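**Q** Would you mind keeping the following structure in view while I ask a few things?
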Amino acid sequence: MRILLLVVYYLPSTMSSATLIHDLAVEFQRLGHEPIVVAPDENILQDHQVLYENGIKVLRVRTGKIKSATKFIRAFNEIRLSNIIWEKGERFFSENPCDLIIYYSPTIFFSSLVKRLKRKFTCPSYLLLGDIFPQWAVETGVLRKGLIYRYFKYKERQNYEAADIIRVQSPANLLYFQENRLDKKYRLEVLYNWTSLTEEDAPPTTYRVRLSLQNKVVFFYGGNIGVAQDVDNIVRLADNLRNEPTAYFLLVGGGSEVGRLKALIGMKGLANIAIHDSVNHQEYLSMLSEFDVGLISLDRRLKSHNFPGKMMSYMYHSKPILASINASNDLKAMLEDKKAGFVCINGEDRKLAAHARRLVSDATLRRQMGLNGRALLESTFSVSKAASQILSHFSN
């Protein structure tokens, strides 16, 4: 089959969705299929660009800024995504008919493009649902219920209606559809996030030396630094461990909260935490391999559930996980059951600090939890299982 994969972020972006789609495309190709990735790109100079990247055909379409834009500009440009990609990529789509469309959300604005492509190709579609938007934005106070919220809800429904099958990433996310009486309207299934169990060779980095962290236990956070992640949570943890001489917190990524958090760190006079700019995908993985503990933070107000994509990289590199998340998230039971890390509810600051101190003081514990995490990855989150589950619905 020729499979079109539609996503907002693709490599070299370090956003977790970029890696998920890349790993899935590579696996489809390994199985004998022909994947084509389609993604907006605010950096290319021409209207569109078709390249083979790591053996995968990729169509990049020039759009307005998304990741680096203000919330208003980002929303405006996302709303226009379907029309822009269709207009600039129509000839490419005519020359590359596909047998299956797989699209990733967020964004919620791919529905009209997916519907057009389904009619053109006469093929089914599969929605990989990540964060449930606008639900999480209301839960975290980013968005109030009103006219804009109702518009986003309308686009959310359209996004679901464009799919023949909707994947949710944890059993708890099925509750969202049940509580909103949508479970009978849409065909749903649970499919955990995934990763390749092999990674491309990346050049070694020397960040531990360059940042003078040779004698530190480094807690590493990689990825989006936005509202839903509540990275203030990690700043509070660093503050609580400011007198722990070997503990250090390194955050790598970009997002809407970076400027405010850097100012907060400076105001508190914290010397045990730093925010590093985003790096390319290979360098990110090399950097992660140098450090000691993987950090996960989710806003306590979230009612929806997800397994952050960064967790896959942490487990791949056998890093123990320290997570502070929203209540009732499936992640807590899974990590604790497999002894792959420590998990508490965001707001339990003393408990989080106690977990961190234990990881700082016990290298054997860190190693064993990291190995347990790697075993969990191999048993539950392999890309081969994900590809097989998706393809099982569409094989002849």
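The values are calculated or read from the model by the stated rules, or taken from the named source; none is laboratory data. If you're wondering where the values come from, they're calculated on a predicted model, not measured in any experiment. Heads up, the Cβs are rebuilt from the backbone with ideal geometry, glycines too, and the neighbour counts pull from every protein chain shown.
**Q** Where residues in the range 328-345 are modelled with pLDDT of 85 or more and part of a loop (DSSP other than H, G, I, E, B), which of them is nearest to Phe249 (Cα to Cα)?
**A** Ranking the qualifying residues of the range 328-345, first place goes to Ala340.
**Q** Among the residues of the range 227-257, which ones are modelled with pLDDT under 90, closer than 14 Å to Ile275 by Cα and β-branched (Val, Ile, Thr)?
**A** Once the filter is applied, which keeps residues that are modelled with pLDDT under 90, closer than 14 Å to Ile275 by Cα and β-branched (Val, Ile, Thr), the range 227-257 yields only Val231.
**Q** Within the range 206-308, which helices (runs of 4 or more DSSP H) (wholly inside it) include 1 or more residues that are surrounded by fewer than 19 Cβ atoms within 10 Å (Cβ to Cβ) and either in contact with a Gly (Cβ under 6 Å, 6 or more places away or on another chain) or among the β-branched types (Val, Ile, Thr) (or both)? Talk me through it step by step, then tell me what you get.
**A** Working: elements: 207-210, 232-240, 258-268, 281-290.
Ranges flagged: 207-210, 258-268.
**Q** For the range 314-321, state whether one or more residues are out of contact with any His (no Cβ under 7 Å at 6 or more places or on another chain), closer than 22 Å to Met15 by Cα, outside the structural domain of Val190 (by TED's automatic domain parsing) and assigned to a strand (DSSP E or B).
**A** Quick first cut of the range 314-321, residues out of contact with any His (no Cβ under 7 Å at 6 or more places or on another chain) only: 314-321.
Then drop every residue that is not closer than 22 Å to Met15 by Cα, which leaves 314-321.
Cutting the leftovers down to outside the structural domain of Val190 (by TED's automatic domain parsing) gives us 314-321.
Checking which are assigned to a strand (DSSP E or B) leaves us with 321.
Yes, the range 314-321 has at least one match.
For (1) under 17 Å from the mean Cα position of the chain (by Cα); (2) in contact (Cβ under 8 Å) with a residue 12 or more places away in the chain, each residue gets a yes or a no:
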| position | (1), (2) |
| --- | --- |
| Asn243 | no, no |
| Gly253 | yes, yes |
| Leu261 | no, yes |
| Leu270 | no, yes |
| Tyr284 | yes, yes |
| Asp292 | no, yes |
| Ile296 | yes, yes |
| Lys310 | yes, yes |
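**Q** Exactly one condition in (1) crowded, with 20+ Cβ neighbours inside 10 Å; (2) over 20 Å from the mean Cα position of the chain (by Cα) is false for Leu322; which is it?
**A** Tallying (1) crowded, with 20+ Cβ neighbours inside 10 Å; (2) over 20 Å from the mean Cα position of the chain (by Cα), Leu322 fails exactly one: (2).
**Q** Let me ask another. Condition check: in contact with a Pro (Cβ under 8 Å, 6 or more places away or on another chain), surrounded by fewer than 21 Cβ atoms within 10 Å (Cβ to Cβ) and either in the same structural domain as Arg236 (by TED's automatic domain parsing) or part of a loop (DSSP other than H, G, I, E, B) (or both). Does Leu359 satisfy that? Before you say what the answer is, go through the steps one by one.
**A** Values: in contact with a Pro (Cβ under 8 Å, 6 or more places away or on another chain): yes; surrounded by fewer than 21 Cβ atoms within 10 Å (Cβ to Cβ): no; either in the same structural domain as Arg236 (by TED's automatic domain parsing) or part of a loop (DSSP other than H, G, I, E, B) (or both): yes.
Spelling it out, it is not the case that Leu359 is in contact with a Pro (Cβ under 8 Å, 6 or more places away or on another chain), surrounded by fewer than 21 Cβ atoms within 10 Å (Cβ to Cβ) and either in the same structural domain as Arg236 (by TED's automatic domain parsing) or part of a loop (DSSP other than H, G, I, E, B) (or both).
**Q** Looking at the range 192-205, is at least one residue within 23 Å of Leu298 (Cα to Cα) and in contact with a Pro (Cβ under 7 Å, 6 or more places away or on another chain)? Lay out the reasoning, then the answer.
**A** In the first step, residues of the range 192-205 are kept if they are within 23 Å of Leu298 (Cα to Cα); the result is 192-195.
If we keep only those that are in contact with a Pro (Cβ under 7 Å, 6 or more places away or on another chain) too, we end up with none.
No, because not a single residue in the range 192-205 is within 23 Å of Leu298 (Cα to Cα) and in contact with a Pro (Cβ under 7 Å, 6 or more places away or on another chain).
**Q** Quick one: which residue in Glu95, Glu53, Glu87 is under 29 Å from Pro134 (Cβ atoms), at pLDDT 90 or above and of a type outside the set (Val, Ile, Thr)?
**A** Values: Glu95 fails: under 29 Å from Pro134 (Cβ atoms); Glu53 fails: under 29 Å from Pro134 (Cβ atoms).
After applying the criteria, what remains is Glu87.
**Q** Condition first: within 27 Å of Gln389 (Cβ to Cβ) and small (Gly, Ala, Ser). Now tell me which residues in the range 113-148 satisfy that.
**A** Ser125, Gly130, listed by residue number.
**Q** Go through Arg144, Arg187 for me and flag whichever is over 17 Å from the mean Cα position of the chain (by Cα), surrounded by fewer than 16 Cβ atoms within 10 Å (Cβ to Cβ), under 30 Å from Ile102 (Cβ atoms) and in the same structural domain as Ser17 (by TED's automatic domain parsing). Outline the logic, then answer.
**A** Values: Arg144 fails: under 30 Å from Ile102 (Cβ atoms).
None of the other options fit; the residue is Arg187.
**Q** Another question about this same structure. Taking Ile79 as the residue in question, decide whether it is within 21 Å of Lys118 (Cα to Cα) and either at pLDDT below 90 or outside the structural domain of Tyr154 (by TED's automatic domain parsing) (or both).
**A** Values: within 21 Å of Lys118 (Cα to Cα): yes; either at pLDDT below 90 or outside the structural domain of Tyr154 (by TED's automatic domain parsing) (or both): yes.
In short, yes.
**Q** Quick test of your reading of the structure: Ile390 fulfils all but one of (1) in a helix (DSSP H, G or I); (2) more than 30 Å from Asp99 (Cα to Cα); (3) β-branched (Val, Ile, Thr). Name the failing condition by number.
**A** The one condition Ile390 does not meet is (2).
**Q** Inside the range 140-154, can you point out the residues that are more than 16 Å from Val231 (Cα to Cα) and either part of a helix (DSSP H, G or I) or among the small types (Gly, Ala, Ser) (or both)?
**A** Gly146, Leu147, Ile148, Tyr149, Arg150, Tyr151, Phe152, Lys153, Tyr154
**Q** Shifting gears a bit: Output the number of residues of the range 155-184 satisfying the condition of being in a loop (DSSP other than H, G, I, E, B) and touching a residue at least 24 places away in the same chain (Cβ under 8 Å).
**A** Kept after step one, since they are in a loop (DSSP other than H, G, I, E, B), are these residues of the range 155-184: 162-164, 169-172, 180-184.
Imposing the further condition that a residue be touching a residue at least 24 places away in the same chain (Cβ under 8 Å) reduces the set to 162-164, 169-172.
Qualifying residue count for the region: 7.
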